[in-house]
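Q: I have a structure I would like to understand better, so I am pasting it below and will then ask my questions one at a time.
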Amino acid sequence: MKLPIGIQDFESLRKDGYLYVDKTEQVYRLVSEGRYYFLSRPRRFGKSLLISTIKALFQGKRELFKGLAIDQKEDWDWAVHPVLHLDLNTEKFSTKEALENKINTFLSIEEEKYGRAEWEKSFGTRFEGIIRRACEKTGQRVVILVDEYDKPMLQAIGNKELQDEYRGTLKGFYGALKSMDGCIKFAMLTGVTKFGKVSVFSDLNNLEDISLLRQYYDICGISDEELLSYFDTEIDHLAEENDMTREECIARLRRMYDGYHFHQKAKGMYNPFSVLNTFKNREFGSYWFETGTPTYLVELLRRHHYNLEDMSKSEVTADVLNSIDAESTNPIPVIYQSGYLTIKGYKERFGKYILGFPNEEVEEGFIKYLAPFYLDNREQRSVFDIEKFSDDVETGNPEQFLSRLKSLFASAPYDSVKGDKENHFQNMMWVVFKMMGFYSHTEYHTSDGRIDLLVETPQYRYIMEFKLDGTAEEALQQIKDKNYQLQFFGDTLATRENQGGTKHTYIIGVNFSKETRTIDKWLVE
């Protein structure tokens, strides 16, 4: 089987005999039910291939669709429409001129086909002229496809002046979609994010956002049914290569790559890029994450002193998920729409979505990516320390663990300590213990207003309380006064039966110093 890794052109994929997961039933429904659409999906999720599929469809290339769902639709007329396709994914938009050159090139190519009036000067009027003449010359209404519409805006996050420049340029350009409605058959914009409020979408109120609609949850990506149907043989090969049963292999695929939810009641979707690479290499890996994490995500988290644990279990409304304000102090919409968080639950009474990491690949990759920003600047040093921490905790050596932790805090990059120091300490602890979970069987929990940190291994339990510019004595006494440890006495018999002895419990009081930016003192009992 030829796996289409990195192939985003539908025509070449079909002509060269690569596997295609048939999405034409969803495309048929999309075209039949409306005209103007916007779709947000994470990077490497199949948006470009979807746009290319729609392009070939409206170009009337029926031979490419032989055997697919849409080829069986008797009411599809296979008429040839003029297609205007702008792909903004192929350029690095570091300056205003880069965006203007990209749009000018696109318009110039189309003007060679359809002509240009002398009075058409701005991008918007030139685009309107192309749409009008394409419709008049061909006798068919125009199809407009824009891939990664938001890339210029994303690359300018944090640069208000450049954001304003891009916003003005794109608003005028995209305005043609509304003014030339009578000449347009179909239009679709895709991207990673949706910028709202005073951004490029403010005038495009005729676009239907299908990003969170249940009927289109599977228009990109791979569903569980598609995985088992299209990749049946590949699953067997992957299982054999990794000395696993078929059931174990499927379970590992689900843990690693499934879990993207685009509606609170929709089934999970797999990241296609990681799945295809796993089958090709016959080895599990962090393929999606290794293609590059945008630094603006970490910049947003640090600039706004965001609590990382709050990030990993956020509760937000649909308004927050659906739109990004370029000047917002809330990084969650960007992180969600970029694919690092997904819908994990829904509180219907309050209309709130519960967010979390979609799968193991994303969670582990994101934490490891964050580590050098919050811990030691030398990434390998951070990972090395985490491995040592895991050994200390699993072997019941809290004194050594806390000594290492003090050293790690002291070596943290100075600029990460500016601003909210208490939040900085909390974030460092969160990163440390999350990474420990990747190297050991450690589990940790926090409880608001109760235990600051609970770490458990098969043989040991650690109850920790932290103070900032207080004392370790106060922290330890709080554990005793609140009797935090009593809630675990009930599992002593079960622990003794299952593991041949009682799980040892340590209570630990820790004090951080703002002045030294590390642990001042700790007490262990």
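The values are calculated or read from the model by the stated rules, or taken from the named source; none is laboratory data. Because the structure is a prediction, the values reported are computed rather than measured. Every residue, glycine as well, gets a Cβ built from its backbone with ideal geometry; the counts of neighbours run over all protein chains shown. Surface accessibility is based on the protein's heavy atoms, side chains included, excluding ligands, DNA and RNA. Shrake-Rupley method; radii C 1.70, N 1.55, O 1.52, S 1.80 Å.
Q: Based on the Kirkwood radius over alpha-carbon pairs, what value in µm²/s does the Stokes-Einstein equation return for the translational diffusion coefficient of segment 225-344 at 25 °C and 0.890 mPa s?
A: 151
Q: Same structure again: Work out the charge dipole of the chain with +1 on the Cβ of Lys and Arg and -1 on the Cβ of Asp and Glu about the Cα centre, then indicate which of V21, M464, T245 is farthest towards its positive end.
A: It is V21, whose Cα lies furthest towards the positive end.
Q: Sort all Cα-Cα distances of segment 13-97 into consecutive 10 angstrom bins from zero, then give the percent of pairs in each bin up to the one containing the longest distance.
A: 13, 47, 30, 8, 2
Q: Got a sec? Charge dipole of segment 23-133, +1 on Cβ for Lys and Arg, -1 for Asp and Glu; which of A117, A69, L84 is way out at the positive end?
A: The residue sitting farthest along the positive end of the dipole is A69.
Q: Helix 472-482 versus the longest principal axis of the chain: what angle, 0 to 90°, nearest 10, using Cα atoms?
A: With rounding to tens, the tilt is 90 degrees.
Q: Please work out how much accessible surface T125 shows to a 1.4 Å probe, ignoring ligands, DNA and RNA, in Å² rounded to 10.
A: Its accessible surface works out to 40 Å², give or take rounding.
Q: How many angstrom lie between the C-alpha centres of segment 33-101 and segment 174-195?
A: 13
Q: Let me ask another. At q = 0.23, 0.24, 0.29 Å⁻¹, what is the log10 ratio I(q)/I(0) for segment 203-257, with the Debye formula run over Cα points and no solvent?
A: -0.90, -0.94, -1.16
Q: Let me ask another. Order R302, R255 by their accessible area, 1.4 angstrom probe, all chains in place, largest first.
A: Listed by decreasing accessible area, they come as R255, R302.
Q: Quick check for me: using +1 on Lys/Arg Cβ and -1 on Asp/Glu Cβ, what's the dipole size of the chain about its Cα centre, in debye to the nearest 20?
A: 1200
Q: About its Cα centre, how strong a charge dipole does segment 1-138 have in debye, to the nearest 20, once Lys and Arg get +1 and Asp and Glu get -1 at the Cβ?
A: 380
Q: A further question on this structure: Accessible area, 1.4 Å probe, largest first: how do V275, V524 sort?
A: V524, V275
Q: Follow-up question, since we're still on this one. Going highest first, how would you order 108-114, 24-30 by mean Cβ packing within 10 Å?
A: The peptides rank, most packed first, as 24-30, 108-114.
Q: Follow-up. Before I look further, what does the chain give for accessible area per residue, probe 1.4 Å, in whole square angstrom?
A: Value returned for the chain: 44 Å² of accessible area per residue.
Q: Right, here's the next one. Distance check, please: which entries in K96/K121; K47/K137; K368/K388; K265/K434; K265/K344; K55/K113 exceed 20 angstrom between their Cα atoms? Let's see the in-between values first.
A: Working: K96/K121 18 Å; K47/K137 30 Å; K368/K388 16 Å; K265/K434 28 Å; K265/K344 10 Å; K55/K113 17 Å.
Over 20 Å apart, Cα to Cα: K47/K137; K265/K434.
Q: Given Cβ point charges of +1 (Lys, Arg) and -1 (Asp, Glu) and nothing else, what value in debye, to the nearest 20, does the dipole of segment 245-309 about its Cα centre take?
A: Here the size comes out at about 180 debye.
Q: I'd like the antiparallel share, as a percent to the nearest 5, of DSSP beta bridges with both residues in the chain.
A: Here the antiparallel bridges make up roughly 45 percent for the chain.
Q: Another question about this same structure. How big is the chain by Rg and Dmax over its Cα atoms, in Å?
A: Over the chain's Cα set, Rg and Dmax evaluate to 26.8, 88 Å.
Q: Now, a different point. Working with all protein chains in place, sort E118, E165, E248 by solvent-accessible area computed with a 1.4 Å probe, largest first.
A: Descending accessible area places them as E118, E248, E165.
Q: Given the protein chains as shown and a 1.4 Å probe, how many square angstrom of H424 are accessible, to the nearest 10?
A: Looks like 10 Å² after rounding.
Q: With a 10 Å radius around each residue's Cβ, average the other Cβ atoms per peptide and rank 512-523, 52-63, highest first. All intermediate terms of the calculation are to be shown ahead of the outcome.
A: On the way: 512-523: 17.2, 52-63: 18.8.
By packing density, highest mean first, the sequence is 52-63, 512-523.
Q: Just read off the accessible area of W76 with the full protein assembly in place, 1.4 Å probe, to the nearest 10 Å².
A: Approximately 40 Å² of W76 is accessible to the 1.4 Å probe.
Q: Please work out, to two decimal places, the log10 of the ratio I(q)/I(0) at q = 0.23, 0.25, 0.30, 0.34 Å⁻¹ from a Debye calculation in which every Cα of segment 98-140 carries one identical scatterer.
A: Per q value, in the given order, log10 I(q)/I(0) is -0.73, -0.84, -1.08, -1.24.
Q: Ok, one more. For segment 218-266 and segment 132-157, compute the distance between their C-alpha centroids and round to whole Å.
A: 35
Q: Mind listing the phi-derived Karplus ³J(HN,Hα) values for segment 113-129, rounded to whole Hz, using 6.51, -1.76 and 1.60 with θ = phi - 60°, and x for any glycine or proline?
A: Computed from phi, the couplings for segment 113-129 are 7, 10, x, 8, 7, 4, 7, 7, 10, 6, 4, x, 5, 5, 5, 4, x Hz.
Q: Report the per residue volume, in Å³, of the convex hull enclosing the C-alpha atoms of segment 48-193.
A: Hull volume normalised by residue count: 119 Å³.
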